[in-house]
Number of protein chains: 2
Amino acid sequence: MSNMYDLAYSLEKGLRESEEFLTLKKCYDEVNANPEAQALFASFRDLQLSLQQKQMTGEEVSPEEMEKAQKMFQDVQANAIISNLMNTEQRMSMIINDINRIITKPLEELYGPMVEQEEE
Amino acid sequence: MSNMYDLAYSLEKGLRESEEFLTLKKCYDEVNANPEAQALFASFRDLQLSLQQKQMTGEEVSPEEMEKAQKMFQDVQANAIISNLMNTEQRMSMIINDINRIITKPLEELYGPMVEQEEE
Ligand SMILES: [Ca+2]
Ligand SMILES: [Ca+2]
């Protein structure tokens, strides 16, 4: 097994023990401990997923759906427990993006020149 | 800065120095050193990208395009320099997938239960 796997497991451990992950876990537990927040968050996630799928397949989103989404987004933002979780999720998502960018840098450097040559 | 970033940079270094990455770089250089292989590989990549985009947007792929793709795939497979590169790319792609799965395990564990509850 390559050293890369050992390093990946170290990073996984680092993420699991990070303040950011522990905060995320705490925020997530708080949402799940509150039935109203839990239900609202689940509905919001379902709606987000449905809108994303429509966007990907080019299906039209009706004005009613848009209005429903905006209303639900307002409810979600007004709920302190959920908005805490969503802010924490956003920070974690940025960290994961950073990590992916760092790790795949060697591949990006390798393939960068090919794209440039194709564009000439 | 979090320890996660230090660990990500260690992993990046591990990847860059790995036998798999060095082999990939060598295969890639061999393709780029051969004008015929380089041109065929670039055309194949363009076609793949175009077919993927059509698949994502649900646009129809014509029988002519399918035939062209199959023909080009045969040419690519018959070219030892390119098929070497593609096999090496596939191994690297599996490693990157493994690494991503390992790193995001804590998040998967956190969100797993929510998906189950939604399905109830
Ligand atoms: Ca190139
Ligand atoms: Ca749950």
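The values are calculated or read from the model by the stated rules, or taken from the named source; none is laboratory data. This is a predicted model, so every value here is computed, not measured. Note that we place each Cβ from the backbone using ideal geometry, even for glycine, and neighbour counts take in every protein chain shown. Side chains are part of the model used for accessible areas, which takes the heavy atoms of the whole protein and leaves out ligands, DNA and RNA. Shrake-Rupley method; radii C 1.70, N 1.55, O 1.52, S 1.80 Å.
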**Condition check for B:N84: touching a helix residue (DSSP H, G or I) at 6+ places or on another chain (Cβ under 7 Å) and at pLDDT below 95** = no
**Message:** With the structure loaded, tell me whether B:Q53 is among the polar types (S, T, N, Q), within 12 Å of chain A (Cβ to nearest Cβ) and either in contact with a Cys (Cβ under 8 Å, 6 or more places away or on another chain) or assigned to a helix (DSSP H, G or I) (or both) or whether it fails that test.
**Reply:** yes
**Request:** Write out, first by first residue and then by second, each pair whose Cβ atoms fall under 7 Å of each other, whose residues are 6+ apart or on separate chains, and whose first residue, in the range B:87-109, is over 23 Å from B:L22 (Cα atoms) and at the interface with another protein chain (Cβ under 9 Å from one of its Cβ atoms) while the second is open to solvent by 30 Å² or more (accessible area, probe 1.4 Å) and of a type in the set (D, E, K, R).
**Result:** B:P106/A:R16
**Request:** State the number of residues belonging to the range A:25-81 that are loosely packed, with under 14 Cβ neighbours inside 10 Å, closer than 28 Å to B:G112 by Cβ and of a type in the set (V, I, T).
**Result:** 1
**Request:** Report yes if B:G14 is more than 18 Å from the chain's Cα centre (by Cα), without any contact (Cβ under 8 Å) to a residue 40 or more places away in the chain, within 8 Å of another protein chain (Cβ to nearest Cβ) and open to solvent by less than 40 Å² (accessible area, probe 1.4 Å), otherwise no.
**Result:** yes
**Request:** For the range B:28-60, name all the residues that are under 23 Å from A:P106 (Cα atoms) and polar (S, T, N, Q).
**Result:** B:N32, B:N34, B:Q38, B:Q48
